[in-house]
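A.B. asks: My structure is below; once you've seen it, I'll send some questions.
No lab work stands behind these numbers, since they all come straight from the coordinates. Being a predicted model, the structure only gives us computed values, none of them experimental. All Cβ positions, even for glycine, are placed from backbone atoms using ideal geometry, and neighbour counts span all protein chains on display.
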Amino acid sequence: QKEVEQNSGPLSVPEGAIASLNCTYSDRGSQSFFWYRQYSGKSPELIMFIYSNGDKEDGRFTAQLNKASQYVSLLIRDSQPSDSATYLCAVKKLTGGGNKLTFGTGTQLKVEL
Amino acid sequence: ETGVTQTPRHLVMGMTNKKSLKCEQHLGHNAMYWYKQSAKKPLELMFVYSLEERVENNSVPSRFSPECPNSSHLFLHLHTLQPEDSALYLCASSDRGITEAFFGQGTRLTVV
């Protein structure tokens, strides 16, 4: 089982719609969860992070965490063509030596005009 | 300068060359990471340094040799690479806690 799993997509949504991206993780000891956006040929940039169960909203983005079910999701409201990118879910666990930040394979999102 | 800076941005090297990638962070973080991203593949964690000690080494071939002289600098020394090592190499840094990691712009490496 992969540590962090995402559907690779592509996920296609029309402009103005809600895009829903999902991620599951295997390690119950994971403590923090991140969504990164990566445009082709560029480095990942942080969109949101969440530590506690429930929802966290930031502008058009909402992250949802359910530790009991071991999943984290990202909702993008009013999707724009500029949101077209690969979205990476990352999970962080503090180990005895420090940190371990593990990424999923990413979901490619396409927002169509 | 601010953030995480990687140099060079692009590198072409022969299989017999020796080169080094450099990463510098100006965020006061104490954990640094090397990731490899091959075309159409996920980010692969290569090495983690926490407080200048290597704490993670994900079965990376010995032709990749990391070095972390202090909490602000991280190097990846390369020697006798193979064409399949061509990829985007990303450096990241974070605090040791549960906070987020920030990435540099990456080095696009091509091995010929």
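A.B. asks: What is the set of long-range amide H partners of A:G106 at a cut-off below 5 Å, with H atoms built 1.01 Å from backbone N?
C.D. replies: A:Q6, A:C89
A.B. asks: With a sphere of radius 12 Å drawn around the Cβ of A:P81, what net charge do the other residues whose Cβ falls strictly inside it have (Lys, Arg +1; Asp, Glu -1)?
C.D. replies: Taking every other residue near A:P81 into account, the sum is -3.
A.B. asks: Moving to a separate point now. Lys/Arg Cβ at +1, Asp/Glu Cβ at -1, dipole of chain A taken about the Cα centre: which of A:F61, A:S43, A:V4 is farthest positive-ward?
C.D. replies: A:V4
A.B. asks: Once you treat every alpha carbon in chain A as an equal point and sum by Debye, what is log10 I(q)/I(0) at q = 0.10, 0.15, 0.16 Å⁻¹?
C.D. replies: With no solvent term, the Cα-only Debye profile gives -0.27, -0.60, -0.68.
A.B. asks: Could you tell me how far the Cα centroid of region A:55-113 sits from the Cα centroid of region B:1-73, in Å?
C.D. replies: Region B:1-73 and region A:55-113 have Cα centres spaced 24 Å from each other.
A.B. asks: Turning to a different aspect of this structure: For A:Y51, what residues show an amide H to amide H distance below 5 Å, using hydrogens built from the backbone and excluding near sequence neighbours?
C.D. replies: Long-range HN contacts for A:Y51: none found.
A.B. asks: With respect to the cross-link table entries A:K42/B:K36; A:K92/B:K19; A:K67/A:K93, which display a Cα-Cα separation exceeding 20 Å?
C.D. replies: Those over the limit are A:K92/B:K19.
A.B. asks: Given the options B:L27, B:T99, B:T16, identify the residue whose Cα lies farthest towards the positive end of the charge dipole of chain B (+1 on Cβ of Lys, Arg; -1 on Cβ of Asp, Glu).
C.D. replies: Going by the charge dipole, the pick is B:T16.
A.B. asks: Within region A:1-45, report the GluC sites (Glu not before Pro) that DSSP leaves as loop and that have at most 16 other Cβ atoms within 10 Å. The partial results should precede the final answer.
C.D. replies: Numbers: sites: A:E3, A:E5, A:E15, A:E45; in loops: A:E3, A:E15.
Passing both the DSSP loop test and the Cβ count: A:E3, A:E15.
A.B. asks: Summing +1 for each Lys or Arg and -1 for each Asp or Glu, what net charge is found among the other residues whose Cβ lies under 13 Å from the Cβ of B:P42?
C.D. replies: Summing Lys/Arg as +1 and Asp/Glu as -1 gives +1.
A.B. asks: A follow-up question, please. Net charge within 14 Å of A:M48 by Cβ-Cβ distance, Lys/Arg positive one each and Asp/Glu negative one each, not counting A:M48 itself?
C.D. replies: On the way: positive: A:R37, A:K56, A:R60, A:R77, A:K92; negative: A:E45, A:D55, A:E57, A:D58, A:D83, B:E100.
The answer is -1.
A.B. asks: Residue by residue through B:55-64, how many Cβ atoms from other chains fall within 10 Å of the Cβ on average? Show your work: numbers first, answer last.
C.D. replies: Values: counts 6, 6, 0, 1, 0, 0, 0, 0, 0, 0.
Average per residue, whole number: 1.
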